[in-house]
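Peer 1: Pasting a structure below so you can have a look.
Readers should treat all values here as calculations from the given coordinates under stated rules, not as data from a laboratory. The structure presented is a predicted model; accordingly, all values stated were derived computationally and were not measured. All Cβ positions, glycine included, derive from the backbone under ideal geometry; neighbour counts span all protein chains shown.
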Amino acid sequence: MELLTEIAPTKLAIKAKQVFHNLSPAELIEAALQNGEGVLTDTGALMCDTGKFTGRSPKDKFLVCDDKTENTVWWGDVNFKFSPEKFDALLYKMLVFLEDKRIYVRQAFAGANPDYRLSLEIINTQAWHNLFCNNMFIRPSQDDLVNFSTDFTIICVPEFEADPAVDGTRQANFTIVDMSRRILLIGGTGYAGEMKKGIFTVLNYLLPQENGVLSMHCSANIGEQGDTAIFFGLSGTGKTTLSADPNRGLIGDDEHGWSETSVFNFEGGCYAKVIDLSREKEPEIFDAIRYGSIVENTRFIEGTRTVDYHNNSVTENTRTAYPIHYIPNAVEPSVGGIPKNIFFLTYDAFGVLPPISKLTVGQAMYHFISGYTSKVAGTEMGIKEPQATFSACFGAAFLPLHPTKYAALLGEKIHQNKVNVWLINTGMTGGSYGVGNRMKLSNTRAMITAALNGDLNKVAYTKHPIFGMMIPEHCPYVVSDILNPRNTWADKEAYDATATKLADMFKYNFEKYADFADEEILAGSPVIN
Ligand code: ATP
Ligand code: MN
């Protein structure tokens, strides 16, 4: 039997009952409504449910292990192995499954820099998924479509469920990347984010190895002077929210590449959280939710078609997907120069880290490799206490290569270019979760503005006694009392104890990277007295 592996993706003969090519948003919205996939909101957005899965399923994400990937991929808890034979069988089964279905096919790009872009062909069974891909990937022009040659194919079939015993998956849903056959296969889940983060994984594999481009889980924007800023951070730390800044051009909200000369977006749209969204706090995002946009897993205010953004009855992870130009000051194309400022965003539920601080190069590398944020986990008694999460490069879940590959590239780039690196705590102030409050968005915005416009070059700094970062003593438009976290805690001894506890967690987590770290990086580690 000829292995499907040998067949170039463009030659994948996909048969279906009905095939719709590159439908416009209007046609896709009509189709979605006719198919009963969603309803319209009062601002004209399409509201859909993603089904059983309201988030990605990291444990069901596999990479095909073959000659190409066996010795390059960072196998383990993030990248699970899948055999080429099983992939072949599953792909075949899915192609048969599609034969009596209606499919929506579209061409798109990933990568706003033409030198590094990936040409995608996307096969969906749900019209709204195809609209999601229209919004989230880069939309080709009519000219681009003339000689379009596919580099990578996405096949996303939520209705298709795998049989783990036969198909080699963990359960009925799966996301499998085959780098040789250049196919992203998704089944059993309707969470649209699997498609965008699947392609992110592909770019994270290809760009650093083939082009020396650093791929990054970060947002990016650009100032009037042409200065680029990037914001790394794990989910919920504020990448999307803080990159939408009325005074700066938006490059992108989630995935970027850093080449010799530029920072470029991988995507053509944004995927913003909408839980508790308000026009007052986040006007750009609020107003982007209109005709052509999608809202996921939200509910209406009873008796209306107005979305109730406070409703978390389906999930906390309610989302909207809109094309990037729905943000008024998005730059076109989504490209900027080499960053002048890098922000690491963390949601520190312990309330220990300063709301803004400046890092040395060693500290920057240490924090990049650590990738700290935290969650608040409920316990049996209903008490909620913080749980530290360390995810290397602020996005380990999407990294097919060892984290030190990306860290080494970042290190080179920081050394080559004069870049300021800042750590921003968008989490707790005044105490840990349960005692303190979340840092006000208006304060975080003011601190970032002050860092960007140089105001923080003119103030005095204090060194954090344990973590070593420099904390500004003043910041325009921010009350000075909140800048040093210890000052915001009523119980200073509790602060010191909690800071020591967090520093211990950093040290314990870092042990596995100790071999990689040189003296400069080790000097960036916290010091417990
Ligand atoms: P993902 O990777 O999942 O897309 P993200 O990093 O883009 O996550 P956001 O979508 O920006 O995260 O989510 C940050 C959330 O936190 C938003 O709902 C925002 O309104 C809220 N928030 C509250 N206070 C702050 C603050 N001080 N800074 C940033 N965001 C804040
Ligand atoms: Mn985001």
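Peer 1: Please identify the chymotrypsin sites (Phe, Trp or Tyr not before Pro) of the range 429-529 that satisfy two criteria: DSSP loop assignment and at most 12 other Cβ atoms within 10 Å. Which are they?
Peer 2: Y477
Peer 1: Determine the distance separating the Cα centre of the range 219-234 from the Cα centre of the range 74-107; give it in Å without decimals.
Peer 2: 36 Å
Peer 1: Considering only the other residues whose Cβ falls under 12 Å of the Cβ of A330, what net charge follows from Lys and Arg at +1 and Asp and Glu at -1? Numbers along the way, then the final one.
Peer 2: Working: positive: R248; negative: D245, D253, E267, E284, E332.
Result for the neighbourhood of A330: -4.
Peer 1: Can I ask one more? Sort F152, F343 by Cβ crowding within 10 Å, fewest neighbours at the top.
Peer 2: Starting with the residue having the fewest Cβ neighbours, the order is F152, F343.
Peer 1: A further question on this structure: Around N247, under 13 Å between beta carbons, what's the net of Lys plus Arg minus Asp minus Glu among the other residues?
Peer 2: Summing Lys/Arg as +1 and Asp/Glu as -1 gives -2.
Peer 1: When a/c reaches 1.5 or more, the comparison of a/b and b/c decides; with that in mind, is the range 473-529 rounded, prolate or oblate per its Cα gyration tensor?
Peer 2: It comes out oblate by the Cα gyration axes.
Peer 1: Quick one: Cα centre-to-centre distance for the range 277-341 and the range 393-409, in angstrom?
Peer 2: Result: 28 Å between the Cα centres.
Peer 1: Each label point is 7 Å from the Cα along the Cα-to-Cβ direction; what then is the distance between the points at V376 and N417, in nm?
Peer 2: Result: 3.7 nm between the two label points.
Peer 1: How large is ³J(HN,Hα) for each residue in the range 339-348, as worked out from phi by the Karplus curve 6.51 cos²θ - 1.76 cosθ + 1.60 (θ = phi - 60°), to whole Hz, x for Gly and Pro?
Peer 2: Going residue by residue, I get x, 9, 10, 10, 10, 9, 9, 9, 9, 8 Hz, with x marking Gly and Pro.
Peer 1: State, in angstrom, two size descriptors of the chain derived from its alpha carbons: Rg to one decimal place and Dmax to the nearest whole number.
Peer 2: Radius of gyration, then largest Cα-Cα span, for the chain: 23.0, 72 Å.
Peer 1: A follow-up question, please. Does anyone have the angle between helix 193-211 and the longest principal axis of the chain? Alpha-carbon axes, 0 to 90°, nearest 10?
Peer 2: So the helix axis and the longest Cα principal axis differ by about 80 degrees.
Peer 1: While we're here: What is the order of M470, M195, fewest Cβ neighbours within 10 Å to most?
Peer 2: Fewest-to-most ranking of M470, M195: M470, M195.
Peer 1: With +1 on each Lys and Arg Cβ and -1 on each Asp and Glu Cβ, how big is the dipole of the range 269-326 about its Cα centre, in debye rounded to the nearest 20?
Peer 2: Using only the charged Cβ atoms, the result is roughly 140 debye.
Peer 1: Could I have the simple spin-label model distance between K492 and R102, label points 7 Å from Cα toward Cβ, reported in nm to one decimal?
Peer 2: Going from the K492 label point to the R102 one covers 6.9 nm.
Peer 1: Below 14 angstrom from the Cβ of E224, what's the summed charge of the other residues (Lys, Arg +1; Asp, Glu -1)?
Peer 2: Residues near E224 contribute 0 overall.
Peer 1: Taking H placed 1.01 Å from N in the peptide plane, check which residues at least 5 places from C270 or on another chain put their amide H under 5 Å from its amide H.
Peer 2: Sorted by chain and number, the residues that satisfy this are Y322, I324.
Peer 1: To the nearest 20 Debye, how big is the dipole of the chain about its Cα centre, given +1 on the beta carbon of each Lys and Arg and -1 on that of each Asp and Glu?
Peer 2: Numbers: 47 positive and 62 negative charges, 113 e Å.
The dipole magnitude comes to about 540 debye.
Peer 1: What do you get for the angle between helix 84-98 and the principal long axis of the chain? Use alpha-carbon atoms, 0 to 90 degrees, nearest ten.
Peer 2: With both axes taken from Cα atoms, the answer is about 60 degrees.
Peer 1: Quick one: grab the alpha carbon gyration tensor of the range 269-326, order the square roots of its eigenvalues as a ≥ b ≥ c, and give me rounded if a/c is under 1.5, else prolate or oblate depending on whether a/b is larger than b/c. Before the final figure, lay out each step's value.
Peer 2: On the way: a/c = 1.57, a/b = 1.51, b/c = 1.04.
Because a/c hits 1.5 or more and a/b exceeds b/c, the range 269-326 counts as prolate.
Peer 1: Once phi is turned into ³J(HN,Hα) by the Karplus curve 6.51 cos²θ - 1.76 cosθ + 1.60 with θ = phi - 60°, what whole-Hz value does each residue of the range 425-436 show in order, with x for glycine and proline?
Peer 2: With the stated coefficients, the range 425-436 comes to 9, 8, x, 7, 9, x, x, 6, 3, x, 10, x Hz.
Peer 1: Still on this structure, I have one more. Provide the gained length on full extension for the span K440 to W75, in nm with one decimal, where the gain is 0.36 nm per separating residue minus the Cα-Cα distance.
Peer 2: 127.4 nm
Peer 1: Right, next: Report the relative contact order of the chain, percent, no decimals, based on alpha-carbon pairs under 8 angstrom and at least 6 residues apart.
Peer 2: Normalised by residue count, the contact order of the chain is 14 percent.
Peer 1: Something else about it: Nearest 0.05, what FRET efficiency do N457 and A89 give at R0 = 41 Å with Cβ-Cβ as r? Each step should come with its number before you reach the end.
Peer 2: Working: r = 60 Å, r/R0 = 1.47.
For R0 = 41 Å, the calculated efficiency reads 0.10.
Peer 1: Further, regarding this structure: Arrange the following residues from fewest to most other Cβ atoms within 10 Å of their Cβ: H464, H217.
Peer 2: Details: H464 22, H217 26.
If I rank by nearby Cβ atoms, fewest first, I get H464, H217.
Peer 1: Hey, what do the phi angles of the range 517-529 turn into as Karplus ³J(HN,Hα) couplings, whole Hz, using 6.51/-1.76/1.60 and θ = phi - 60°, x for Gly and Pro?
Peer 2: Karplus values, whole Hz, x for Gly and Pro: 6, 8, 4, 4, 5, 4, 5, x, 7, x, 10, 9, 7.
Peer 1: Still on this structure, I have one more. So what's the angle, to the nearest 10 degrees on a 0 to 90 scale, between helix 403-416 and the longest Cα principal axis of the chain?
Peer 2: 60 degrees
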